[in-house]
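Structure record follows, encoded as structure tokens.
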Amino acid sequence: MALPSPVRRGRVSARTADLAVTAVVTAFVAGWTAVSIASAAPGSEAFSRTVLGWCLLAAGCGALLFRRRRPVAVAVVTLLASVAYYPTSSYDGPLMVTFALALYTTAAEGRFVAAVALASATLLAVGLGEIRQDPGRRQIDDTSLVMLAGWLISLVAVGRAQRARLAYLHEVEQRALAAEREQEARARQSATEERLRIAREVHDVLGHSLSLISVQSGAALHRLAGRSDAADALPIAAEALEAVRATSKDALRELRGTLGALRQADEAAPTAPASGLDRLDALVDRARAAGLDVVTRTEGTPRPLPPALDLAAYRIVQESLTNVTRHARARGVLVTLSWADDGLRLRIEDDGEGSPDAHARGSGLRGMAERARAFGGEFTAGNTGRGFQVSARLPFTSSLTTTKGTE
């Protein structure tokens, strides 16, 4: 696995860093060798051997340019250059530094087995070479051989540690990026859900109220069309206007409550109570004023609901009555609330035409279904043969109920 180099995250690229390291090492090796040659006696080494030594120095130092892309190959080249250089040169320049850097890079780039093999081969070759020398001609004694072993082990260990450190930093960085992406995804999802929630609220509030206003106004105009006497028309107009005024006032109240969700934290929020089943009677009265014969029936024992669940139940009944007013051409509606231990079931039945296409216009049915399923409930709608029926079950044990109910 390729890990990012520390220099890649900064202003200096890896290529520039390799060039700089190669230049520094080359200057050090060449400078040391030049000083050794200058301080040696003239003619102490043949010219051809000196040229060969400089070629080996150039090969070892130049190979460092590729130490990240080909770490094992560079380590082998620097080792071979060192093996060929020291027996042939009389000046003993510090060419071994190139192999040390290449060995460290091999371990740091994740080639741990190759690094151990090269270090072991180097130590074995040096040890065998020194053992085969006569006692008085050894270049490295036993203590120096032990120090060389420790030096090689340290290079491999440090390179391995650097590799582990980069792997850890890379993993931390990836986890941070993953957490950031997940947080952004959650924020987008929350924003989308909130927009959909507000859209449902505005649709339900305005759709219901404007539908009633339209029906009430149309009914009043129809009744006034056959009245030529102003004294007879005035009560009819006053009754219609009073119904429109009450519906508009209630719509404004609910719209203020819905738009309060868009206010900033430091703005005053509306103080009007949220809609719920306790306002079902007012909702039914408005539907009756529009000409519907609405009957409500309660089964079981009612119980207090969390605000969010209470609002969802209210909106489902409200949107159902809106659809009946708009599309069903019905005269009667039966609203049944069935209370059980595990949930509330709502059933709204009308005696209209029962056309699913008409009821499905807009986002009314989809909005009701989303409300029910948001609490882990169920929603169905369809013809009954005698009209159209909407049925929804809202469980009491939903985790969403508990969460939203405490907000």
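Mind pulling the per residue volume of the convex hull built on the Cα atoms of region 153-195? Å³ is fine.
23
What number results when the radius of gyration of region 67-114, computed over Cα atoms, is divided by 2.2 N^0.38 Å?
Dividing the Cα radius of gyration by 2.2 N^0.38 Å gives 1.19.
Can you send over the solvent-accessible area of Met96, 1.4 Å probe, protein chains only, in Å² to the nearest 10?
In the full protein context, Met96 sits at about 50 Å².
Where does region 43-202 land on Rg/Rh, using Cα atoms and the Kirkwood Rh?
1.38
Per residue of region 281-287, what does 6.51 cos²θ - 1.76 cosθ + 1.60 with θ = phi - 60° give for ³J(HN,Hα)? Whole Hz please, x for Gly and Pro, Karplus curve as stated.
Here the 3J(HN,Hα) series is 4, 5, 5, 5, 4, 5, 5 Hz.
Could you sort Arg279, Arg186, Arg386, Arg315 by their accessible area in this structure, using a 1.4 Å probe and putting the largest first?
Heavy-atom accessible area, descending, gives Arg386, Arg186, Arg279, Arg315.
Using the Karplus equation 6.51 cos²θ - 1.76 cosθ + 1.60 (θ = phi - 60°), what ³J(HN,Hα) coupling, rounded to whole Hz, does each residue of region 145-154 give in order, writing x for Gly and Pro?
5, 5, 5, 4, 4, x, 5, 5, 4, 5
Can you put Asp351, Asp204, Asp310 in order of accessible area, largest first, using a 1.4 Å probe?
Accessible-area ranking of Asp351, Asp204, Asp310, largest first: Asp351, Asp310, Asp204.
What ³J(HN,Hα) values, in whole Hz, does the Karplus curve 6.51 cos²θ - 1.76 cosθ + 1.60 give for region 84-91 when θ = phi - 60°, with x put for Gly and Pro?
7, 6, 5, x, 9, 9, 9, 9
At a 1.4 Å probe radius, which order do Trp339, Trp151, Trp32 fall into by accessible area, largest first?
Trp32, Trp151, Trp339
The values are calculated or read from the model by the stated rules, or taken from the named source; none is laboratory data. Since this is a predicted model, take the numbers as computed values, not measurements. Accessible surface areas use protein heavy atoms only, side chains included; no ligands, DNA or RNA. Shrake-Rupley method; radii C 1.70, N 1.55, O 1.52, S 1.80 Å.
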